[in-house]
Every structure is written in C-alpha cells, then in structure tokens.
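The values are calculated or read from the model by the stated rules, or taken from the named source; none is laboratory data. The structure displayed is predicted, hence computed values, not measured ones. Positions of Cβ are generated from backbone atoms using ideal geometry, with glycine treated the same way; all protein chains shown enter the neighbour counts. Heavy atoms of the whole protein, side chains included, go into the accessibility calculation; ligands, DNA and RNA do not. Shrake-Rupley method; radii C 1.70, N 1.55, O 1.52, S 1.80 Å.
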Amino acid sequence: MISFRGKAHQFLTQISFYRFQLESKRLLHLSNRLCSNDASFRVSYPTRAVLYVPGSDSKKLTKIFTTNADCVVMDCEDGVALNKKAEAREKIRNLYDTDERVQNNTEGKFAVRINPAETDLASEDIKILFNPKSDILKNNSINNLLPKCIFVPKTSTSQEVKWLFENLNNQLKNYDDLIKLNLFFYMETAIGLINLNDIIKTALSLSKDKYNSKFNLEGFVFGSDDFCADIEATRTKDAFELTYARQKLIAYCKGYKLKVIDMVYIDFKDLEGLRVQCEQGSRMGFTGKQVIHPGQVDVCQQAFTPSKERIDWALGLIEAFDQHQKSGAGAFTYKGQMIDMPSLLQAKNILKIVEKVKKN
Ligand SMILES: CC(C)(COP(=O)(O)OP(=O)(O)OC[C@H]1O[C@@H](n2cnc3c(N)ncnc32)[C@H](O)[C@@H]1OP(=O)(O)O)[C@@H](O)C(=O)NCCC(=O)NCCSC(=O)C[C@](C)(O)C(=O)O
Ligand SMILES: [Mg+2]
C-alpha cells in the first residue's frame, strides 16, 4: 500500500515531468501560435479541484495554505450550521484583513461561497465580507482586502442575479479602481436548470453593460446533492440519474465559454470511486470537480490534468494537421484514426488545459 505522502510525491513527480515536456520548444512554439491566432484560446486560472472548507472551522481553515487544490472555497452556506453563520463570516473576513497569502492572490485560488441570493443571510455575507475594517484599509489597497471570487448557490432565476449584482454594487460603490470580481453560480434546482440560458444571459449582459465589467461570470458549479433532493432522485454510484443535468449544464457553459465544475463525491474515503467519477467528468467536458476533503484533492487534480499520452497525441496531431493542410488534405489518417477539423479542435482543448495548469 502506498501512503498518502507517497501518492502525493508520485503525483508531483508526474507533474514535473509534464512541466519538462511543456517547456520543450515544440510546445511553446505551437501553443504560442495557437494562442495568438485563436480568439477562443482564453487561458484563465485552473479549477481542477475545488475544495470546500467550512468557514466556521478554524482548524480546517489553516489547511487552505497547505492544499494542492487549484481553488479553495471558504464556505458560509451549507457546510456551516445556522448558529455558526456569523462566526464563519468573521473568520473569513479576518483572513482577508490579516493574511498576506489570501490578500495577494489575484484570481480565484481563495474564494468564498455566500448564502443564496435574495436571502437575509446573503445580505449579511456581502455586508461583512466586502467591508474591510477602516484602520486596516488605511494601510492597504482595497483590492487586497476583498474576495476576488465568490460562489453563489441555488441560483434559480435571473431575478436572483439582478439582486446579487445590485447588492454587491451598493456595497462596493465607494471604492474606486476595483479589480473584477469573478463569480461562479450554482445550478442545483430543477427550475435553475430550466432557466439556465436566461440566468447566463442576464449575468453576462448586466455585468458588461450596467455594471461596466465590474463582475465577471467565470462559470457554473453543479450542486448535485441539492439537485437530487429537488428532483426527488436517489443518488447512485454511477450518477445515472444526473446524466441529463450534467450534460445540459456542460453544453450551456461551453456555449458561453464558461468554466463548469462537476458534482461532489461524498463517499470521501473511496478514492477509487472518486477517480472513476473524476475521469468520467473530465471526459464529459467538465473543467474540474468539487471536493470536500483534502484526501480527495490529488486524485481529482490528476484526473483533470491531461496525461503524457494525451499531450503527445495532441502535439503530434497538430503538427500532422499542419502538414496535411499545406498539401491540400482536409481529412487524413493519424494513428489509425480519421482526422479532420474537429479533431484539431479537440487537440487544442488538451493544450488549453495544459496552459492553464502551467499558469498555476
Ligand atoms: C466530511 C468531513 C466532515 C470529515 O471531516 P473529518 O475531520 O472527520 O475528516 P478527517 O479525515 O478526520 O480529517 C483529516 C484532516 O483533514 C482535515 N480536513 C477534513 N476536511 C477538511 C476540509 N474540507 N478542509 C480542510 N481540512 C479538512 C481535518 O481537520 C483533519 O485535520 P488534522 O489531521 O489536522 O486533524 C470534512 O471533510 C468536511 O467538513 N468537509 C467539508 C464539508 C463541506 O464543506 N460541505 C459543504 C460543501 S458540499 C455541498 O454543499 C453540496 C453541494 C455542492 O452544494 C450540492 O451538491 O448541493
Ligand atoms: Mg448545494
């Protein structure tokens, strides 16, 4: 049996190997060319494993600095008991007030899940989390002291999106030169799934037009536990009951070039089951997966990192495609398979993920 530490070491060795590969001239040349020619090649920060940490739990909060997870979500919602909500907000606020590691992160490594929009709990979350103490603000830039990314659960209507933006905007109106606030919404109700297109369009247009790009819709999270409760399904290991919702969410997010984060695997001691579900999610098109325990992080990150074989396949295909295009062939055979434009796009997708991981 390999220990947890041993597995982590194995994983790091593997990543170093990929990094070595990535630094090869061939990849740099190819990826630079792809990035500069292709407007859809938007490379933002990676979100392979998204780890929840209950905001009320001081001991668990110390782990946000030692985890390999691409993203940590300090929770004020369902991971926190009702009588601990105020404590959770205060502990998270205190981290932004005092800890340089949290303050200096510019994108989404450290995020906060607030309570659902249009609730008193969410109003209070926004009031506390986006309100640094004045004596601390005197000696610090406002951008260091605010969350750079928030997760907004149970988003079911475009009205909730409007409420959220209005409340955030009111809270932030006295500050100038704020960097964009990244947002993830949750799809975790049947009505949220029905209204998905409307929710996305409202969030995109409001943030761009009414709020002057102050907010950036970064992606969606699939809240499968709440969704199962809402549609009265029974959870199964293979998640068959969630197929339609997962696929619809992926299609809509990809249609609008958004990230999309897969469901939680709650049986957190079953790492093999987790691996199977992570790999399935990765093949389906998810950008990453939510995890609830530090022991799940490495399995998840690895499943959402393209393997050496996939990277080699993609690089070889792109080169072959280039050569065949020059000789006038739109379709050709590569490693026994018919290749044409869609295969090239799939190969580029692999390099996109690699670029994201490299940025981390
Ligand atoms: C399951 C639990 C109770 C087992 O907690 P435990 O302490 O019994 O586990 P453990 O195996 O004994 O823990 C080992 C070590 O890891 C630490 N640890 C353990 N977990 C974490 C964590 N998350 N973050 C940071 N540290 C953690 C723990 O404190 C301990 O530290 P130690 O070795 O120093 O003593 C615990 O892992 C936990 O509280 N996880 C987070 C639960 C949570 O946040 N749930 C809400 C998100 S999922 C959700 O809301 C649904 C969704 C998306 O909305 C929808 O599908 O609808
Ligand atoms: Mg939920």
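Figures for the structure shown
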item	result
Of all residues making up the range 125-177, the number that are under 14 Å from residue 115 (Cα atoms), surrounded by 15 or more Cβ atoms within 10 Å (Cβ to Cβ) and of a type in the set (Lys, Arg)	1
Single condition residue 295 does not satisfy, out of (1) open to solvent by less than 70 Å² (accessible area, probe 1.4 Å); (2) within 16 Å of ligand 2 (Cβ to nearest atom); (3) touching a residue at least 12 places away in the same chain (Cβ under 8 Å)	(2)
Qualifying residue in the range 327-347 (condition: closer than 22 Å to residue 49 by Cβ and either assigned to a helix (DSSP H, G or I) or β-branched (Val, Ile, Thr) (or both))	no
The range 44-87: number of residues that are more than 16 Å from ligand 2 (Cβ to nearest atom), surrounded by 19 or more Cβ atoms within 10 Å (Cβ to Cβ) and not hydroxyl-bearing (Ser, Thr, Tyr)	9
Failed criterion for residue 242 (all others in (1) within 12 Å of ligand 1 (Cβ to nearest atom); (2) touching a residue at least 60 places away in the same chain (Cβ under 8 Å); (3) open to solvent by less than 20 Å² (accessible area, probe 1.4 Å) hold)	(2)
Members of the range 245-271 found to be open to solvent by 10 Å² or more (accessible area, probe 1.4 Å) and in a helix (DSSP H, G or I), listed by number	247, 248, 250, 251, 252, 254, 255, 271
Tabulated pairs, the range 135-156, first more than 19 Å from residue 101 (Cβ to Cβ), second surrounded by fewer than 18 Cβ atoms within 10 Å (Cβ to Cβ) and modelled with pLDDT of 95 or more, C-beta under 6 angstrom, 6+ apart or interchain	156/191
Some residue of the range 212-226 being touching a helix residue (DSSP H, G or I) at 6+ places or on another chain (Cβ under 6 Å), among the charged types (D, E, K, R) and within 27 Å of residue 146 (Cα to Cα)	no
Subset of the range 168-197 that is within 29 Å of residue 231 (Cβ to Cβ) and assigned to a helix (DSSP H, G or I) - its residue that is farthest from ligand 1 (Cβ to nearest atom)	197
Selection from the range 313-354 of residues that are open to solvent by less than 30 Å² (accessible area, probe 1.4 Å), of a type outside the set (A, V, I, L, M, F, W, C) and closer than 22 Å to residue 284 by Cα	343
Among (1) β-branched (Val, Ile, Thr); (2) open to solvent by less than 20 Å² (accessible area, probe 1.4 Å); (3) within 17 Å of residue 46 (Cβ to Cβ) - the single one residue 287 does not satisfy	(2)
The lone exception for residue 232 - which of (1) in contact with a helix residue (DSSP H, G or I) (Cβ under 6 Å, 6 or more places away or on another chain); (2) open to solvent by 30 Å² or more (accessible area, probe 1.4 Å); (3) charged (D, E, K, R); (4) within 16 Å of ligand 2 (Cβ to nearest atom) it fails	(1)
